[in-house]
1. From the list B:I329, B:I325, which residue is open to solvent by less than 40 Å² (accessible area, probe 1.4 Å), out of contact with any helix residue (DSSP H, G or I) (no Cβ under 9 Å at 6 or more places or on another chain) and farther than 28 Å from A:A245 by Cα?
2. Residues in the stretch B:63-73: is at least one in a helix (DSSP H, G or I), at negative phi, free of Cβ contacts under 8 Å to residues at least 60 places away in the same chain and surrounded by 16 or more Cβ atoms within 10 Å (Cβ to Cβ)?
3. Tell me, please, whether a residue that is of a type in the set (A, V, I, L, M, F, W, C), in contact (Cβ under 8 Å) with a residue 40 or more places away in the chain, under 30 Å from A:P17 (Cβ atoms) and within 14 Å of chain B (Cβ to nearest Cβ) can be found in the stretch A:166-177.
4. Go through A:D154, A:D138, A:D146 for me and flag whichever is in contact with a Ser or Thr (Cβ under 9 Å, 6 or more places away or on another chain), of a type in the set (D, E), within 26 Å of A:F315 (Cα to Cα) and touching a residue at least 12 places away in the same chain (Cβ under 8 Å).
5. When the stretch A:74-103 is examined, which residues are found to be closer than 30 Å to A:R327 by Cα and either among the β-branched types (V, I, T) or part of a helix (DSSP H, G or I) (or both)?
6. Which residue is nearest to the other protein chains (Cβ to nearest Cβ), if the candidates are limited to the stretch B:40-62 and must be open to solvent by 30 Å² or more (accessible area, probe 1.4 Å) and part of a loop (DSSP other than H, G, I, E, B)?
7. Output the residue which, of all residues in the stretch A:129-157 that are away from every other protein chain (no Cβ under 14 Å), in contact with a helix residue (DSSP H, G or I) (Cβ under 8 Å, 6 or more places away or on another chain) and within 21 Å of B:Q194 (Cβ to Cβ), is least open to solvent (accessible area, probe 1.4 Å).
8. Give the number of residues within the stretch B:158-184 that are open to solvent by 10 Å² or more (accessible area, probe 1.4 Å) and more than 17 Å from B:H341 (Cβ to Cβ).
2 protein chains.
Amino acid sequence: MNRLTLALDVMGGDFGPRVTIPALSLALAKNPMLSFILFGDQRQASPFLNVLPNDQLKRIQFVHTPHTIDANLPFMQALRKSKGSSMRLALEAVANGEAQGCISGGNTAALMGLAKILIEPLPNIKRPALATLIPSMDGKSSVMLDLGANVEADSDLLIQFAEMGNIFAEVMLDLVYPRLALLNIGVENSKGTQTIRNTDKRLQQRNDLNYIGFLESDKLMNHMADVIVCDGFTGNIALKAVEGAAKNILSLLKRSSEGSFICQSAKRYLLRAIFYRSYRKLQQINPDRHNGATLLGLSSVVVKSHGGASTNAYFYAIDHAIGQIQRQIPDKIWQGLNKLHQNL
Amino acid sequence: MNRLTLALDVMGGDFGPRVTIPALSLALAKNPMLSFILFGDQRQASPFLNVLPNDQLKRIQFVHTPHTIDANLPFMQALRKSKGSSMRLALEAVANGEAQGCISGGNTAALMGLAKILIEPLPNIKRPALATLIPSMDGKSSVMLDLGANVEADSDLLIQFAEMGNIFAEVMLDLVYPRLALLNIGVENSKGTQTIRNTDKRLQQRNDLNYIGFLESDKLMNHMADVIVCDGFTGNIALKAVEGAAKNILSLLKRSSEGSFICQSAKRYLLRAIFYRSYRKLQQINPDRHNGATLLGLSSVVVKSHGGASTNAYFYAIDHAIGQIQRQIPDKIWQGLNKLHQNL
């Protein structure tokens, strides 16, 4: 890859530098042309930075700021108190061209709001949307948006999400004419809110989009659509429900294997092999690998990691940011929307 | 148990009599004092009725009607075309006292609408809500409502759902002062829609309810609350997402065990035992056992089965209806709401 600099909010997320620094170290090890500008509390970060190899430290610039945005602050307060915070400085580094993308695991509402102020939205974008790749049972992925950036969304907004998601799927998943669906509580025309039913009618008239109708949330992971569109409240509820179910079942399976009296016997090795096999299959749907939601609609790549992300999960968020920069997602969205609207 | 008669819409659900009749046969076998009035197409039902033992047939009264409500009909059309349908006749049997409760797997909107017209709502009930018991990882259950009866819900409605859910949990789960939560996309006060934030403020002032705040959908099955309240759209999305994830993971696990080369070897017996153990644990969260949502707020018990329910799952829906009639849920809701409002 070409030289690439990422701005990283070291403090964001539930575990701060304890997770973000080991994760960026993994990314540095994987990508020799990658460097980071880090923003955070030097004192808290030092113990984790000090253990990194020298060749990685050379590719890290640390900007000390003791100030962070509380994950629990309401949006307006967070915005008012954002000056000099690690999240804001990271976004500013992207805005002024020092970095090509930004990653944060901090307050989602603040990240959205600040990104909109500091990083120019693309022309004609009503509101950016949080999009992510969700895993399917067949080992592939679907794009899903919005995941919480817009708690409420009218029909115009949902259609723009559909357009952006469509382009994101084309570029990131190498698809031609991705199958597009609206998340709803049934597949019949009569189901859902007035907004969803209106959006459905309007999308049915769009020949430039491969709209296949409604999708129910029990089919989220069955790869029945390449792009799944919903408002941010619904998307957040649906995705967290899937994540929670997957994590719970994995932990149940783990406990079930560990606690087994047979496991403690001589047959341990055999059992381990089998459970490992199941695990490996189940890891296709492990949320870690799909951590990292992108604010689509901005002129630069901004990736939000899950607040509770592990080192591994945070690494994937960084990895997704790199992939999107390399594939020039913001440019592609801009060009794609232009093309769509010229053809309308 | 005392003598008990249930009205059953034989045709409702994706599979009609193929599922409903074997399921009611299981219920008859379990409960010697139970009898059914069935409504449906005699010709379609006969092959499944004919194989039932004589002592069960004696406890079945069949009312022939060729007319069913299409699951895909919009609400108003379904209502207009409901006269003489299996679903409507089943509800009428409850309304005129021939049966003490009704089960249907048909069109949810039609069932809701007809139930409200035909079966008296309890005094002061704004709108009935679909409630169900959802399984927790610890083997216990939580009450969740609404699951789709009210696609949109204002703060007054959500609070009434909370009150009804509270009483349902007290009676069906034998709880004192059940923990009550609002489903939301975060736990901070600032998260969610205006309606949810308003409801949160109002519930915080209620000393008669054990309100514990917001719950995120990844914790749905972690038994952090006994009653989980949301509008019908959100509840439907969340619950189906969990169901879908659980089903997908179980099927992955099954395939993984069946396909294993070791399984085909001599160690088969051992492996089966272990997988059976995992399965049994996982079956705590198998949606089948928790099939059956109840329309809370009516003067009689009306249970909606999942449209795609298997025989086993449909049996559980019947079983839940029996449990609720025996515990006199409608009376308890009425008494409980009266008591709550006297104390306000």
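The values are calculated or read from the model by the stated rules, or taken from the named source; none is laboratory data. These figures come from a predicted structure and were not determined experimentally. Cβ placement follows ideal geometry from the backbone for every residue including glycine, while neighbour counts extend to all protein chains displayed. For the accessible areas, the whole protein counts, side chains as well, though only heavy atoms, and no ligand, DNA or RNA atoms are used. Shrake-Rupley method; radii C 1.70, N 1.55, O 1.52, S 1.80 Å.
1. Working: B:I329 fails: out of contact with any helix residue (DSSP H, G or I) (no Cβ under 9 Å at 6 or more places or on another chain).
The match here is B:I325.
2. First, pick out the residues of the stretch B:63-73 that are in a helix (DSSP H, G or I): none.
No, the stretch B:63-73 contains no residue that is in a helix (DSSP H, G or I), at negative phi, free of Cβ contacts under 8 Å to residues at least 60 places away in the same chain and surrounded by 16 or more Cβ atoms within 10 Å (Cβ to Cβ).
3. In the first step, residues of the stretch A:166-177 are kept if they are of a type in the set (A, V, I, L, M, F, W, C); the result is A:167-169, A:171-173, A:175-176.
Right, trim to in contact (Cβ under 8 Å) with a residue 40 or more places away in the chain and you get A:167-169, A:171-173, A:175.
Okay, now just the ones that are also under 30 Å from A:P17 (Cβ atoms), so A:172.
Still in the list and also within 14 Å of chain B (Cβ to nearest Cβ): none.
No: the stretch A:166-177 contains no residue that is of a type in the set (A, V, I, L, M, F, W, C), in contact (Cβ under 8 Å) with a residue 40 or more places away in the chain, under 30 Å from A:P17 (Cβ atoms) and within 14 Å of chain B (Cβ to nearest Cβ).
4. On the way: A:D154 fails: within 26 Å of A:F315 (Cα to Cα); A:D138 fails: in contact with a Ser or Thr (Cβ under 9 Å, 6 or more places away or on another chain).
Step by step, each of A:D154, A:D138, A:D146 is checked, and only A:D146 is in contact with a Ser or Thr (Cβ under 9 Å, 6 or more places away or on another chain), of a type in the set (D, E), within 26 Å of A:F315 (Cα to Cα) and touching a residue at least 12 places away in the same chain (Cβ under 8 Å).
5. Filtering the stretch A:74-103 for residues closer than 30 Å to A:R327 by Cα gives A:85-103.
Passing the criteria: A:S86, A:M87, A:R88, A:L89, A:A90, A:L91, A:E92, A:A93, A:V94, A:A95, A:I103.
6. B:V51
7. In the first step, residues of the stretch A:129-157 are kept if they are away from every other protein chain (no Cβ under 14 Å); the result is A:129, A:131-133, A:141, A:143, A:145, A:155-157.
Now narrow it down to the ones that are in contact with a helix residue (DSSP H, G or I) (Cβ under 8 Å, 6 or more places away or on another chain): A:129, A:131-133, A:141, A:143, A:145, A:155.
Those left that are additionally within 21 Å of B:Q194 (Cβ to Cβ): A:129, A:155.
Numbers: A:A129: 0, A:S155: 17 Å².
Applying the filter and picking the extreme gives A:A129.
8. Number satisfying all stated conditions: 8.
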